[in-house]
Amino acid sequence: MKSQRGGFAMGLIVGLLIGLALALAVALYVTKVPVPFVNKVPQRTAEQDAAEQEKNRNWDPNAGTAHKPGAKPAAPTSAPTAAAPPPWPHRRWPPRRRPPQRVIPQPSSPHARRPP
């Protein structure tokens, strides 16, 4: 039987070098491969860009939330006639529970006898 040479450290170093070489090869392949669908989209002309920019010049993204021209604003509220109720919740719910108090028995006198 032939004796083996090298060992754990040599195998670890060789494995790391092979792994790094494979990772480098994959990285180079991914960066050099042509990206699909890049040239499939028709290019925009300067006239199209200018027309879209003019169309979007006065665009208001909040136009849907503004009042409509025929809508009347809400009538102002009058002063309340009755006293307003307190804001809810007016007290804590659920109520806090107090922790039980520890009762430490005190001797009746410092010279009291202890039971044997």
Q: Examine region 58-65 for a residue that is surrounded by 10 or more Cβ atoms within 10 Å (Cβ to Cβ) and not aromatic (Phe, Trp, Tyr), and state whether such a residue exists.
A: no
Q) Can you tell me how many residues in region 14-46 are part of a loop (DSSP other than H, G, I, E, B) and of a type in the set (A, V, I, L, M)? A) 4
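Every number here is computed from the coordinates shown, using simple stated rules; none is lab data. Keep in mind that this is a model prediction, so the values were computed, not measured. Positions of Cβ are backbone-derived with ideal geometry, glycine not excepted, and every protein chain shown enters the neighbour counts.
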